[in-house]
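A short write-up of the structure that comes next.
Every number in this text was worked out from the coordinates using simple rules, so none of it is lab data. Just so you know, these numbers come straight off a predicted model, no measurement behind them. Quick reminder, even Gly has a Cβ in these numbers, built from the backbone with ideal geometry, and neighbours come from all protein chains shown.
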């Protein structure tokens, strides 16, 4: 069966510090991978998605970046965090090729930037 | 521009009664709709979906109704149970679109009271 691991579960970082969130998927090959963010009082916002190694598409201009160094590994990064980066970050995967609307989410990372 | 709208941030329902969660969309190209359920500090999990070729889909206690002319869908939970207390996200997609094509609403917090 497929599983998705995301860590850390919670993170408190000062403004201007770097960020690295990691997500790995097991039990499937060549998945589509996603990073979403849920800010307070808002819905799920798609930040990045990837259909293959090294292929990253960005949905929202921001100071965040994503990388996919391996087939089942997806990393969200920032060189300098802003207060507005606080939120609940979710990694997700779906079947590839094509697009399967059914997403499987990780357990999320609650990021607080102070 | 919010293409998927859940106008009720929260809903309180007595245990055993029917819970009705509503969702409206504006993009007429959407042809596949999903509901996700999210507990605190966890990622959303897929609950039920419906294609635009149908107007109803049922899975146990959960039924989704789609009114294409009104661009409206609803999720019915009968009977409501304490474990149903969660945030419910409506999502929509254009199946002809790419991997980035899933748009989420802001969610409705369902509270089941004993």
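Assorted remarks:
- Antiparallel beta bridges, as assigned by DSSP with both residues in chain A, represent about 90 percent of the total such bridges.
- Relative contact order (%) - the range A:1-66, alpha-carbon pairs under 8 angstrom, separation at least six: 23
- A Gaussian network model of chain B, with springs between Cα atoms under 10 Å, assigns the largest mean-square fluctuation among B:64, B:87, B:78 to B:78.
- Whether chain A is rounded, prolate or oblate, judged on the alpha carbon gyration tensor where a/c under 1.5 counts as rounded: prolate
- Residue of A:41, A:27, A:87 that the Gaussian network model of chain A assigns the largest fluctuation, springs spanning Cα pairs under 10 Å: A:41
- Cα gyration tensor category, rounded, prolate or oblate, for chain B with a/c compared to 1.5: prolate
- Mean per-residue shielding of peptide B:36-44 is 6, counting Cβ atoms of other chains within 10 Å of each Cβ.
- In this structure, residue B:113 and residue A:56 have a Cβ-Cβ separation that, at R0 = 45 Å, corresponds to a calculated FRET efficiency of about 0.50.
- Under a Gaussian network description of chain B, with springs only between Cα atoms under 10 Å, the residue in B:70, B:41, B:91 that fluctuates furthest is B:41.
- Mean Cα-pair separation over length for chain A, i.e. relative contact order, pairs under 8 Å, 6 or more apart, %: 36
- Relative contact order (%) - criterion: Cα under 8 Å, at least six apart; region: chain B: 37
- Residue A:84 versus residue B:15: modelled label distance in nm, points set 7 Å from Cα along the beta carbon direction: 4.4
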